[in-house]
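The next block holds one structure in the form of structure tokens; read it before the comments.
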Amino acid sequence: MFPSYQRLPKAELHLHLEGSIEPETLAEMDVSVAADEVRRRYQYEDFAGFIEAFKWVVMRLKRPEDYALAARRLFERLAREQVRYAEVTVSAGVVLRLGLEFGPIFDALDAEAARAPVMVRWVLDAVRQFGPEAAEKVAALAIGRAHRGVVAFGIGGDEVRGPVEWFGPTFRRVRDAGLHLTIHAGETVGPESVRRAVELGAERIGHGIAAVCDPELLALLRDREVALEICISSNVATGAVACLRDHPVRRIYEAGVPIVLGTDDPAMFHTTLAREYELAEREFGFSDEELSKVAENGFRYAFGPARDTRS
């Protein structure tokens, strides 16, 4: 008998395409790279180490065909995990930084999404430390593709080197254009980063675990129904929490803050969405009923038409 969380229909809302690439897939797209080398690169002890590994991976994505293969393999895995709907983040800021042409890459991704066994929508992501001007270029790409499955603009990267206040005008622009906004915050910086992201219009927060240190902020997230995209394995792997037992997911949930579970960069953090549910059950005492509510949150707080995919 499979655990109940494995049978639940799920939505995956915090998922980076580039961080989903398994060693075998990267070796498939680049024959000069051995899968064992990729596995070595996928070992690190802190957030800085993870960023270096992520950069190493994206440097090997050079052609639209590479992105298409990464997406195809990801969608196959999601379907096996009972994921019915996914909002997949693409690091458009990195694509531009590398001097690649984004249009053909997105065309390839769009074609893969059209034949995927799960419903897919896209989040285009800017990198905080690249600055406001670079973020504006990503925002333009997102707005221009809102009719092609892009549902949101996101921002990630180094919270210290890219304070959220830099991007207020960009956030207003994308929201005025009808796109949604998700901001990585409270992962490596304290609760003030989360609070400022909410004040600037974030509808969901990537990670947000530092909010647990501020009861007033937890109440704000609860009252405004700003969902936190919680990625347990990611937070342990990057050192955002000292160890698994220190993760605040249970306390955040009990404070009434809406949460969804995500994998972040599943290949790089050696996890799956089913494993994140397993950790919530085994390590933090989530009941079947609570996990069912968390799974429902994935559809409730999605930016696209996720509810149509639950059955």
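Taken as a whole, segment 238-247 holds at least one residue that is of a type in the set (D, E, K, R) and assigned to a helix (DSSP H, G or I).
Highlighted here are the helices (runs of 4 or more DSSP H) found entirely within segment 1-118 that include at least 1 residues which are touching a Ser or Thr at 6+ places or on another chain (Cβ under 8 Å): 4-7, 47-58, 64-80. Exactly one residue out of GLU278, GLU283 is more than 21 Å from ALA113 (Cα to Cα), part of a helix (DSSP H, G or I), in contact with a Pro (Cβ under 8 Å, 6 or more places away or on another chain) and of a type outside the set (Ser, Thr, Tyr), and it is GLU278.
Residues in segment 237-247 that are more than 18 Å from THR182 (Cβ to Cβ), in contact (Cβ under 8 Å) with a residue 24 or more places away in the chain and surrounded by fewer than 23 Cβ atoms within 10 Å (Cβ to Cβ): GLY239, VAL241, LEU244, ARG245.
Please go through segment 284-311 and give me each residue that is among the acidic types (Asp, Glu), over 14 Å from LYS10 (Cβ atoms) and without any contact (Cβ under 8 Å) to a residue 40 or more places away in the chain, ordered by number. Passing the criteria: GLU289, GLU290. Only residues that are within 18 Å of ILE205 (Cβ to Cβ), in contact with a strand residue (DSSP E or B) (Cβ under 7 Å, 6 or more places away or on another chain) and of a type in the set (A, V, I, L, M, F, W, C) were counted in segment 139-174, giving 8. For segment 261-270, the count of residues that are among the aliphatic types (A, V, I, L, M), farther than 20 Å from GLY298 by Cβ and part of a loop (DSSP other than H, G, I, E, B) is at least one. Among the residues making up segment 55-71, a single one is surrounded by 20 or more Cβ atoms within 10 Å (Cβ to Cβ) and among the aromatic types (Phe, Trp, Tyr): TYR67.
Selection over segment 210-234 of residues that are part of a helix (DSSP H, G or I) and either touching an Asp or Glu at 6+ places or on another chain (Cβ under 7 Å) or without any contact (Cβ under 8 Å) to a residue 40 or more places away in the chain (or both) gives a count of 14.
Regarding segment 88-106, can at least one residue be identified that is in contact (Cβ under 8 Å) with a residue 24 or more places away in the chain, over 27 Å from PHE167 (Cα atoms) and among the hydrophobic types (A, V, I, L, M, F, W, C)? Scanning segment 88-106 turns up no residue that is in contact (Cβ under 8 Å) with a residue 24 or more places away in the chain, over 27 Å from PHE167 (Cα atoms) and among the hydrophobic types (A, V, I, L, M, F, W, C). Restricted to segment 286-303, and to residues there that are under 15 Å from the mean Cα position of the chain (by Cα) and part of a loop (DSSP other than H, G, I, E, B), the residue that is surrounded by the fewest Cβ atoms within 10 Å (Cβ to Cβ) is PHE303.
Read the figures in this text as sums done on the coordinates, not as results from a lab. The model shown is predicted, which means the values in this text are computed figures rather than measured ones. For neighbour counting, all protein chains shown are included, and Cβ atoms are generated from backbone atoms with ideal geometry for every residue, glycine included.
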